[in-house]
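Chemist: Take a look at this one; I'll ask things after.
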Amino acid sequence: MNLYKYASPAAFYPLAGKLIPWFAIPAALLFVAGLYVGFFVAPTDFQQGDAYRIMFIHVPAAWMGMLLYVLMAFYAGIGWAFNARLASMMASAIAITGALFTFISLVTGAFWGKPTWGTWWVWDARMTSTLILLFLYVGFISLQSAIDDHRRADRAGAVLALVGVINVPIIYFSVQWWNTLHQGATIRILGKPSIAPPMLAAMLIMLAACWLYSIAAVLVRVRCIILEREQTAAWLAEGAA
Amino acid sequence: MNWSDFFSMGGYALYVWGSYLTTLVVLGAEVVLLMKRKKSLRRRNSRES
């Protein structure tokens, strides 16, 4: 099988359509499982009471905001460097979902900050850099929609997305580099996580659910973008499903 | 377990349910808007052909 053929929107469109249920259905099941573990299995935290349960959506949403940004910049860069239409369309499709997860992480962070820190918002390194991430997404989306010519819009978006990537390690390391109100990382790649196993399980299940959800949403959106941009293409007229 | 204890979230109901409700509204809106976008494109394409 030649995988490169799927770099063409015409070949990718039906493949994406077949893949969507394989991501959407497990995403829904994992959301239910993650919430069940998070609310009924994980014990109440001895310091934060039940307020800590915001973590099960806050942390996955924050990770998705950063990861989707890197993925968006990667696709935008590939689209720019190799003049690959589908990669640029993927970047546009990722942007909205990434922006929404970043927004969720900011709102749930405010809901968590109020009872634990006594404030909805502070201009602290992590929160400020996450707000900048949201602005980068919004900038990418509005820049693309402001330019009528798709190829030029893709190039302009790619420059913005790639320059903005520098913000992602800043967010990630902000809690170490600056003295901040935000707590440090709970999960470490090396070494033991600092939370109880059911809490960790709920968070990881929710993270998996968010990933699968994002893939499904991006595939649906990229199919819409393909239809919108290639509406005059002959392959669509042939009734490709 | 008692349901009213569950919904009160140890006094943090506003913050916990506010967080999950926001998430539900945001992701729910994304799904609904995506489905609408898909449907209107499909309608347009079937009219043209």
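Chemist: Which one of the conditions (1) touching a helix residue (DSSP H, G or I) at 6+ places or on another chain (Cβ under 7 Å); (2) without any contact (Cβ under 8 Å) to a residue 40 or more places away in the chain; (3) more than 14 Å from every other protein chain (Cβ to nearest Cβ); (4) not acidic (Asp, Glu) does residue A:44 fail to meet, given that it meets all the rest?
Modeler: (3)
Chemist: Mind checking whether some residue in segment A:116-138 is assigned to a helix (DSSP H, G or I), surrounded by fewer than 18 Cβ atoms within 10 Å (Cβ to Cβ), within 14 Å of chain B (Cβ to nearest Cβ) and aliphatic (A, V, I, L, M)?
Modeler: Within segment A:116-138, none of the residues are assigned to a helix (DSSP H, G or I), surrounded by fewer than 18 Cβ atoms within 10 Å (Cβ to Cβ), within 14 Å of chain B (Cβ to nearest Cβ) and aliphatic (A, V, I, L, M).
Chemist: Please list, ordered by first then second residue, the pairs with beta carbon atoms under 8 Å, 6 or more apart or interchain, first in segment A:117-145 and within 19 Å of residue A:62 (Cβ to Cβ), second part of a helix (DSSP H, G or I) and basic (Lys, Arg).
Modeler: So the pair list comes out as A:120/A:114.
Chemist: Name the pairs whose Cβ atoms lie under 7 Å apart, with the first residue in segment A:186-214 and more than 18 Å from residue A:38 (Cα to Cα), the second at pLDDT 95 or above and open to solvent by 40 Å² or more (accessible area, probe 1.4 Å), and 6 or more positions between them or separate chains?
Modeler: So the pair list comes out as A:212/A:23; A:212/A:26; A:212/A:30.
Chemist: Run residue B:3 past the list (1) exposed (fewer than 11 other Cβ atoms within 10 Å of the Cβ); (2) under 23 Å from residue A:95 (Cβ atoms) and report the number of the one that doesn't hold.
Modeler: The one condition residue B:3 does not meet is (2).
Chemist: Can you tell which of A:15, A:19, A:30 is under 23 Å from residue A:57 (Cα atoms) and not basic (Lys, Arg)? Outline the logic, then answer.
Modeler: On the way: A:15 fails: under 23 Å from residue A:57 (Cα atoms); A:19 fails: under 23 Å from residue A:57 (Cα atoms).
Every option except A:30 fails the conditions.
Chemist: I'd like to know if segment A:92-114 contains one or more residues that are more than 10 Å from chain B (Cβ to nearest Cβ), at pLDDT below 95 and either assigned to a helix (DSSP H, G or I) or over 19 Å from residue A:159 (Cβ atoms) (or both).
Modeler: No, segment A:92-114 contains no residue that is more than 10 Å from chain B (Cβ to nearest Cβ), at pLDDT below 95 and either assigned to a helix (DSSP H, G or I) or over 19 Å from residue A:159 (Cβ atoms) (or both).
Chemist: If you don't mind, another one. Given the options A:79, A:49, A:38, name the one that is touching a Lys or Arg at 6+ places or on another chain (Cβ under 8 Å), open to solvent by less than 50 Å² (accessible area, probe 1.4 Å), more than 20 Å from residue A:102 (Cα to Cα) and at the interface with chain B (Cβ under 10 Å from one of its Cβ atoms).
Modeler: Exactly one of A:79, A:49, A:38 is touching a Lys or Arg at 6+ places or on another chain (Cβ under 8 Å), open to solvent by less than 50 Å² (accessible area, probe 1.4 Å), more than 20 Å from residue A:102 (Cα to Cα) and at the interface with chain B (Cβ under 10 Å from one of its Cβ atoms), namely A:38.
Chemist: Go through B:16, B:25, B:31 for me and flag whichever is more than 7 Å from every other protein chain (Cβ to nearest Cβ) and surrounded by 14 or more Cβ atoms within 10 Å (Cβ to Cβ). Walk me through how you get there before you give the answer.
Modeler: Values: B:16 fails: more than 7 Å from every other protein chain (Cβ to nearest Cβ); B:25 fails: surrounded by 14 or more Cβ atoms within 10 Å (Cβ to Cβ).
Testing whether each residue is more than 7 Å from every other protein chain (Cβ to nearest Cβ) and surrounded by 14 or more Cβ atoms within 10 Å (Cβ to Cβ) leaves just B:31.
The values are calculated or read from the model by the stated rules, or taken from the named source; none is laboratory data. These figures come from a predicted structure and were not determined experimentally. No Cβ is skipped: glycine too gets one built from the backbone with ideal geometry, and neighbour counts run over all protein chains shown. Only protein heavy atoms, including side chains, enter the accessible area calculation; ligands, DNA and RNA are left aside. Shrake-Rupley method; radii C 1.70, N 1.55, O 1.52, S 1.80 Å.
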